[in-house]
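S.K.: Dropping a structure here in structure tokens format, bear with me for questions.
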Amino acid sequence: PYFMLMNFLRKLMYGRYGSDHLSFFLLFLYVVLIFTSALPHMAWVSWLALAVLLWNLFRMFSRRIDRRRAENARFLALFGPFIRWFKMRRTIHRDKDHRYFKCPNCGQYLRVPRGKGKITVNCRNCGASFEERS
């Protein structure tokens, strides 16, 4: 039964676009809107959530891959810097063995080991050097 279901899903999705960054964002937006619609006098938001969900499903099952890629590229052009900033903050928060510095010249994030005292950090991207405490 499991293999038959997986085979059905594989055949169903063949030649279709599937999911990308925009579809995950739309799914997150759908969940936020559904929770918002539970608030008093906000029932109309559930219709907006349904529209977001239907748009997401349309994108996932679409065979117009070129158009869906263009939509995702526009989304990443707008929200890509925020996504990268959020991922870097999460990495910095999780990594307790290193310190992260931003190059004052080019903005590249640089990772150095903690507890080495005052060190000279060399940027691999632009070659700039600066001193920091690790």
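The values are calculated or read from the model by the stated rules, or taken from the named source; none is laboratory data. Keep in mind that what you see is a predicted model, and the values were worked out from it rather than measured. A quick note on method: Cβ atoms are made from the backbone with ideal geometry, for glycine too, and the neighbour counts reach across all protein chains shown. All accessible areas refer to the heavy atoms of the entire protein, side chains included, with ligands and DNA or RNA removed. Shrake-Rupley method; radii C 1.70, N 1.55, O 1.52, S 1.80 Å.
S.K.: Could you list, in sequence order, all residues of the range 1-23 that are among the charged types (D, E, K, R) and either farther than 21 Å from ARG74 by Cβ or exposed (fewer than 15 other Cβ atoms within 10 Å of the Cβ) (or both)?
M.R.: Residues satisfying the conditions are ARG10, LYS11, ARG16.
S.K.: Among the residues of the range 79-105, count how many are surrounded by fewer than 10 Cβ atoms within 10 Å (Cβ to Cβ), in a helix (DSSP H, G or I) and not aromatic (Phe, Trp, Tyr).
M.R.: 2
S.K.: Also: Would it be correct to say that ARG111 is in contact with a strand residue (DSSP E or B) (Cβ under 8 Å, 6 or more places away or on another chain) and part of a loop (DSSP other than H, G, I, E, B)?
M.R.: Spelling it out, it is not the case that ARG111 is in contact with a strand residue (DSSP E or B) (Cβ under 8 Å, 6 or more places away or on another chain) and part of a loop (DSSP other than H, G, I, E, B).
S.K.: Here's a follow-up. Output yes when any residue across the range 115-124 is in contact with a strand residue (DSSP E or B) (Cβ under 8 Å, 6 or more places away or on another chain), outside any loop (DSSP other than H, G, I, E, B), loosely packed, with under 10 Cβ neighbours inside 10 Å and not hydrophobic (A, V, I, L, M, F, W, C), and no when none is.
M.R.: Taking every residue of the range 115-124 in turn, at least one turns out to be in contact with a strand residue (DSSP E or B) (Cβ under 8 Å, 6 or more places away or on another chain), outside any loop (DSSP other than H, G, I, E, B), loosely packed, with under 10 Cβ neighbours inside 10 Å and not hydrophobic (A, V, I, L, M, F, W, C).
S.K.: Which numbered condition trips up TYR17, out of (1) outside any helix (DSSP H, G or I); (2) out of contact with any Lys or Arg (no Cβ under 9 Å at 6 or more places or on another chain); (3) of a type in the set (Ser, Thr, Tyr)?
M.R.: Looking at each condition in turn, TYR17 falls short on (2).
S.K.: Can I ask one more? Among the residues of the range 24-37, is any under 30 Å from LEU110 (Cβ atoms) and surrounded by 11 or more Cβ atoms within 10 Å (Cβ to Cβ)?
M.R.: Scanning the range 24-37 turns up at least one residue that is under 30 Å from LEU110 (Cβ atoms) and surrounded by 11 or more Cβ atoms within 10 Å (Cβ to Cβ).
S.K.: Sticking with this structure for a sec: In this structure, does ARG74 turn out to be assigned to a helix (DSSP H, G or I) and in contact with a helix residue (DSSP H, G or I) (Cβ under 6 Å, 6 or more places away or on another chain)?
M.R.: No: the conditions fail for ARG74.
S.K.: Would you pick out the residues in the range 38-68 that are in a helix (DSSP H, G or I), in contact (Cβ under 8 Å) with a residue 40 or more places away in the chain and open to solvent by 50 Å² or more (accessible area, probe 1.4 Å)?
M.R.: MET60, PHE61, ILE65
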